[in-house]
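The structure under discussion appears below in the form of structure tokens.
Read-outs: derived from the displayed coordinates by stated rules, not from any lab. Quick caveat, the model's predicted, so the values are computed rather than measured. Backbone-built Cβ (ideal geometry, glycine too); neighbour counts: all protein chains shown.
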Amino acid sequence: MNETILTEAKLQILERLIKYGPANFADLMKLGTWTTGEHSVLMENQNVLVWTAMSEELAAALQQLREADLIEIEICGKEEYLASGATLDLPLVEADSRVPEKPYEEVHWLPSRFKLPKARRKPTGPDEVLKGAIIGLLLEKLKAELDGDHFCLLCEGKGVVDGELCTCGCHVRRAAREAEAQDAARRKED
């Protein structure tokens with residue numbers, strides 16, 4: 001598994017949820033070519049499939065974000081997947097049932113989506129503070145991108161990580177924008 005892709009995957013998932021709200025698997029598969037693969041989320045003992053054809057990095061990112069309580073999964077309707085342009089051609093798990101009382105004989109689909117957890121009023125411990133810090137960094141990154149700037153969480157826009165040039169290129173784009181602004185200011189003075 002590519003750790004760089006895994007880190008970027010987690011950031012892209014959180015960014016998607018912060019910008020647009022809940023997202024189903026079909027929505028998340030649109031984040032990039034890195035999302036497709038041969039992994040599935042399957043409750044084998046119940047014969048219930050949640051989603052399939054995703055990359056190892058997407059599956060791991062979702063699992064790690066859930067384990068860190070940064071995202072939650074909830075049941076949604078098939079209609080939400082139709083609106084997103086993708087469904088599975090399988091019978092549906094019975095309505096309002098997370099886990100069937102008895103395992104299905106054939107595989108059934110449980111349409112699900114991810115969302116950010118409900119915010120608590122005050123952080124309850126170090127994990128809550130860390131979650132707040134991560135979401136704060138993501139919001140800062142989003143604001144920078146909306147302002148036309150790129151904010152890299154690895155180099156924090158400095159262009160250097162541990163004495164090495166960061167591969168994000170944000171420092172190059174920033175330098176180019178600054179040079180353009182200086183040229184425009186000079187032309188304005190002339």
**Message:** Please verify whether Ile13 is more than 24 Å from Ala83 (Cβ to Cβ) and among the β-branched types (Val, Ile, Thr), treating the condition exactly as stated.
**Reply:** no
**Prompt:** Taking the stretch 1-21 only, how many residues are buried (at least 17 other Cβ atoms within 10 Å of the Cβ) and outside any helix (DSSP H, G or I)?
**Reply:** 0
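Among the residues of the stretch 58-71, is there at least one that is assigned to a loop (DSSP other than H, G, I, E, B) and either among the basic types (Lys, Arg) or surrounded by fewer than 17 Cβ atoms within 10 Å (Cβ to Cβ) (or both)? Walk me through how you get there before you give the answer.
Step one: filter the stretch 58-71 for residues assigned to a loop (DSSP other than H, G, I, E, B), giving 68-71.
Okay, now just the ones that are also either among the basic types (Lys, Arg) or surrounded by fewer than 17 Cβ atoms within 10 Å (Cβ to Cβ) (or both), so 68-69.
Within the stretch 58-71, one or more residues are assigned to a loop (DSSP other than H, G, I, E, B) and either among the basic types (Lys, Arg) or surrounded by fewer than 17 Cβ atoms within 10 Å (Cβ to Cβ) (or both).
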**Request:** For the stretch 74-91, enumerate the residues that are surrounded by fewer than 14 Cβ atoms within 10 Å (Cβ to Cβ) and part of a strand (DSSP E or B).
**Result:** Glu74
**Item:** Residue under evaluation Asn45, criteria (1) polar (S, T, N, Q); (2) part of a loop (DSSP other than H, G, I, E, B); (3) surrounded by 12 or more Cβ atoms within 10 Å (Cβ to Cβ), criterion not met
**Value:** (3)
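Can you pull out the residues in the stretch 26-42 that are within 16 Å of the chain's Cα centre (by Cα), surrounded by fewer than 16 Cβ atoms within 10 Å (Cβ to Cβ) and farther than 10 Å from Ala9 by Cβ? Give the steps one after another, and end with the answer.
Of the residues in the stretch 26-42, the ones within 16 Å of the chain's Cα centre (by Cα) are 26-36.
Filter once more, keeping what is surrounded by fewer than 16 Cβ atoms within 10 Å (Cβ to Cβ): 30, 32-33, 36.
Within the stretch 26-42, Lys30, Thr33, Thr36 meet the criteria.
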